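The values are calculated or read from the model by the stated rules, or taken from the named source; none is laboratory data. Since the model is a prediction, treat every value here as computed from it, not as a measurement. Positions of Cβ are generated from backbone atoms using ideal geometry, with glycine treated the same way; all protein chains shown enter the neighbour counts.
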Amino acid sequence: MTMNAMTLSAIASLLSALYTPDKSGNSVYTPSFDNTLLVLNKIGKDVTFPQSIVDKLPEFDGEFLANGKTIEEFNSDLALPDDPDSLEDAEDLKAWLPSARTPFYSYTLKEQLFHVTRKFNDLQQAFNSPGETVNAEMDILKKFNDSYWINKYQLKRQELGTLIKLVENSRTTDAVVFATATAYSKGQYVKDASTATKYGVIFNPYTANGASDWADAVAKGFIVELDLLATLDAPTDTATGESAIIQMQKDAEIANDNSQGHSLSGNTLGAQSFLKIYVKQGIMPNINVNTLAGAFHLDKVATPFEIKPLPDFGDADSKVWAVLVDTRGIRLHPSVDYVMDTRNGAKGWVSYYRHVQYTPFISRNPFVKVYKGN
């Protein structure tokens, strides 16, 4: 009998019938005994793939708080110059006490616990060699450690999300409509009744009828107008990418000079040297392909600060796609971090426990700008 000659379509059809989807990645193990002695066909290899768990926000790591766990932040103001001829002689000995922003406090979170148990007489029967057993046990302990890092990384992204919420609340839920006949304390957020866009913070204590209107209150130093949020679409094409870069470059110009109205407290800022912009994953490919790829002078359209893509900003509004921030204003301070173990001789196992506790610090005094889609 003459053997059929092979064609590519014939071998493809043959292998398709031979190699069905249930042959790989099947969640069900079916024992087989198709050998002369009818004994169990053995598993020849066990594999697992270790993952490189990363924390992409090491710049937010704060020092260990060994004793007090609450963080208090103060910020003093600049001094307004006087006309020396306007001062009376008796004022020469007057105390000119400095002014300051309202102090802010960051409180510690509830303690967290990671735990895992390793049995001594357990995995040996599942593997073919002592080396494979050790690898499996090490994988369990690695996952125990990876859980700590994943949690810490997510907490840092949640800090960014909380900062974003503070920015949004400063112009919405926390802001009251400014009325000239009402007194306001330093640090209160207010908004102009005549426009839906102007909002600010009471910089100096305001007494009733201290100004004729919003503009007068701003001119007299009672209100500092805030500009903390830019409403523009996330970059998806050339036009939106160019708009985003233009806005970022405008913000960079402001950040590289003395400014006011670009922090949650309204304090005076100097030139910024710790700025980074954090963007949601998926933003930079659009900018790189649709905007920068066709640019003749890349230096004319590039952003002047480091850009770091992140999966999310915690539970912040999904329309927020980027935040520009002075990284000194965000820290995650550990105050508890220790590992203990307990051994159960009767049951033959050891349990590991890692206790952690953090104080997440967010400052209202550094530069911040949030970018949010329509």
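Mind telling me which of the residues G187, G210, G241 ends up being assigned to a loop (DSSP other than H, G, I, E, B) and within 23 Å of V368 (Cα to Cα)?
One residue alone meets the criteria, G187.
Cβ-Cβ distance below 7 Å, separation of 6 or more or different chains: which pairs start in segment 156-172 with a residue that is more than 12 Å from L228 (Cα to Cα) and end on one that is hydrophobic (A, V, I, L, M, F, W, C) and assigned to a helix (DSSP H, G or I)?
K156/F60; E159/F60
Please name all residue pairs, on different chains or six or more residues apart, with Cβ atoms under 6 Å, provided the first residue is in segment 244-268 and is touching a residue at least 24 places away in the same chain (Cβ under 8 Å) and the second residue is assigned to a loop (DSSP other than H, G, I, E, B) and among the β-branched types (V, I, T).
Between residues of segment 244-268 that are touching a residue at least 24 places away in the same chain (Cβ under 8 Å) and residues that are assigned to a loop (DSSP other than H, G, I, E, B) and among the β-branched types (V, I, T), the close pairs are M248/T303.
Check off (1) modelled with pLDDT of 95 or more; (2) surrounded by 15 or more Cβ atoms within 10 Å (Cβ to Cβ) for E132 and give me the number that stays unchecked.
All conditions are met except number (1).
Based on this model, can you work out whether S273 counts as farther than 17 Å from L80 by Cβ and either at pLDDT 95 or above or part of a helix (DSSP H, G or I) (or both)?
Spelling it out, it is not the case that S273 is farther than 17 Å from L80 by Cβ and either at pLDDT 95 or above or part of a helix (DSSP H, G or I) (or both).
Here is a list: V224, V201. Which entry is of a type outside the set (S, T, Y), assigned to a strand (DSSP E or B), in contact (Cβ under 8 Å) with a residue 60 or more places away in the chain and crowded, with 17+ Cβ neighbours inside 10 Å?
V201
Here is a yes/no grid of residues against (1) touching a strand residue (DSSP E or B) at 6+ places or on another chain (Cβ under 8 Å); (2) over 30 Å from M138 (Cβ atoms); (3) at pLDDT below 90:
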site	(1), (2), (3)
L292	no, yes, yes
V339	yes, no, no
T342	yes, no, no
V350	yes, no, no
I362	yes, yes, no
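For segment 99-122, name all the residues that are farther than 23 Å from I150 by Cβ, charged (D, E, K, R) and in a strand (DSSP E or B).
Of everything in segment 99-122, just one residue is farther than 23 Å from I150 by Cβ, charged (D, E, K, R) and in a strand (DSSP E or B), namely K119.
Those residues that are among the β-branched types (V, I, T) and under 23 Å from Q112 (Cβ atoms), I need them from segment 324-374; list them, please.
Residues satisfying the conditions are I330, V336, V339, T342, V350, V356, T359, I362.
If I ask for residues that are outside any loop (DSSP other than H, G, I, E, B) and touching a Ser or Thr at 6+ places or on another chain (Cβ under 9 Å), which ones from segment 62-85 would you list?
Matches in segment 62-85: I71, E72, E73, S76.
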